[in-house]
Each structure stands twice: as C-alpha cells, then as structure tokens.
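See structure below.
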Amino acid sequence: MVSRARRVTCSCHQFGPDGYALNGKPLEDTYEEWKASRFAAAGVQCQDCHMPDRRHLWRGIHDADMVRGGLTITLDDAPSRVPGGVAARLVVENSGVGHRFPTYVTPLVLLRAELVDAAGHALAGTRVERRIGREVTLDLEREVSDTRLAPGERAELVYARALENGAVAARFSVVVYPDAFYTAFFEALLRQGAGRGEDDVRRALGETRRSAFTVFEARVLPTGRLSPP
C-alpha cells in the first residue's frame, strides 16, 4: 500500500532547519546547494538561468534545452577494448547547473548503453544503466540512494561488449525522466486500486510518462567511429 505523503512546511526551494529531512538532508535544499557552489561566489543568481532576460519562463528539468545547457556530455574511448566488439565511456558532468543535478526527488536521469541491430532495435539483455538522482520511497519515509551531481561533479558509464546476435553497434544515451517519482506513485495507486479516481490517475500517469526526453544519443561502431543515432 502507498501511504499518504507526509505534509511538509517549506519556503520556496528550501526547507528550513526544522523542515522535513531524509538521511539527514532536507527534502529540498536547492538554495543552500547554490550558496555552496561556485555560481553563488561568482554572483550568478537563480534568475540568471531560470528567468533569462527577466522573462518568467522558470525553465527547469522539464526543458530539454535547459538541461543540455547545464551539462557537458562526452563519449570517448573506454580504458579497455573488446576485440571485434565495441567499447566507449559516456561521461556526464554538471558543468552549468548551480545546484545538485537534479536538485529534487522527482526526476531521474539515466546514462544508458546497449547493443543495437542494423534497424536500431536494442538487443535484449545488453542494456547497462547508471542512475543519477535522489531516489526515495513513495511514502517519503526513506532515502534509497543519492547519486546526484554537485556542480563540477561527473558520472560515467563504461561499456565494453562483443557484438552478438546481429548487433552492429552500441548505442549510448542520456535520458531524463522529469516525473519519475510521480510515474511510480501513480502506477502504485493503480495497482492497489484508485477507486472512482482511476481515470484521472491514468491520465496523470500518461502525462508523466510522456514527459521523458533524451538529451544525448550516439552510436559507436566496432571501429570506434561514431555513427548517426
């Protein structure tokens, strides 16, 4: 059963000293994350990124261009090679986000690598992923993991695999799920029975699933060359 999420009292983007916390960290700590970053020291304000030219855009994790602009994503040679196979290293650096990426518990970002055939279809059993996010239980009672990137930090995924079963290349991607927590929450509600609100929950679930987007994708051939995605 999914219990009702605990009510919390907070200011905008920052829980106070007595606010709700998990694993010793406020559920939302964005302002303090910014204050500890090089962006605050350089005088870069929240509005400079989220309200460019004083426009009330409030661009954030749902904006693909905003996310791309805050990251440096590279794909280079892996430390070791596989004869006749593919090998590469995907690196994501928080180079332009003035707080942890992502800052809140709702989104999830996946670094992904998998073998694909000539038609671009992924081969079952070849996918490897690395997760970036702060994952918590649906009742907000426990932190499962925290792999978010502070400004300047990076995450990498190394993939080395022999080609098999018709595979012609490896596909590397970075996929953002802005509403991952809500997707899981709505799925759980439907499993346990949403009652008269089931139609509304299904519509909300569809919206959260459609919010996902890819900020990077490339294929690596056995020769080590990149090919169009």
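Just to be sure, is ASP139 farther than 28 Å from MET66 by Cα, touching a residue at least 40 places away in the same chain (Cβ under 8 Å) and acidic (Asp, Glu)?
Yes: the conditions hold for ASP139.
Suppose we filter the range 64-105 for residues that are hydroxyl-bearing (Ser, Thr, Tyr), surrounded by fewer than 20 Cβ atoms within 10 Å (Cβ to Cβ), within 18 Å of the chain's Cα centre (by Cα) and in a loop (DSSP other than H, G, I, E, B); how many remain?
The qualifying residues number 2.
Looking only at the range 203-227, which residues are surrounded by 14 or more Cβ atoms within 10 Å (Cβ to Cβ), outside any loop (DSSP other than H, G, I, E, B) and of a type in the set (Ser, Thr, Tyr)?
The one that is surrounded by 14 or more Cβ atoms within 10 Å (Cβ to Cβ), outside any loop (DSSP other than H, G, I, E, B) and of a type in the set (Ser, Thr, Tyr): THR208.
Being in contact (Cβ under 8 Å) with a residue 40 or more places away in the chain and not acidic (Asp, Glu) is true for just one of ARG130, ARG68. Which residue is that?
Answer to the selection: ARG68.
If a residue has to be within 15 Å of VAL105 (Cβ to Cβ) and assigned to a loop (DSSP other than H, G, I, E, B) to count, how many in the range 177-202 make the cut?
Final tally of qualifying residues: 2.
Only residues that are in a helix (DSSP H, G or I) and surrounded by 15 or more Cβ atoms within 10 Å (Cβ to Cβ): list them for the range 21-52, please.
THR30, TYR31, GLU32, GLU33, TRP34, PHE39, ALA40, CYS46, CYS49, HIS50
Just so you know, all these numbers are worked out from the coordinates, no wet-lab data involved. What you are looking at is a predicted structure, and each value in this text was computed from that prediction instead of being measured. Please note: Cβ atoms are built from the backbone with ideal geometry, for glycine as well, and neighbour counts cover all protein chains shown.
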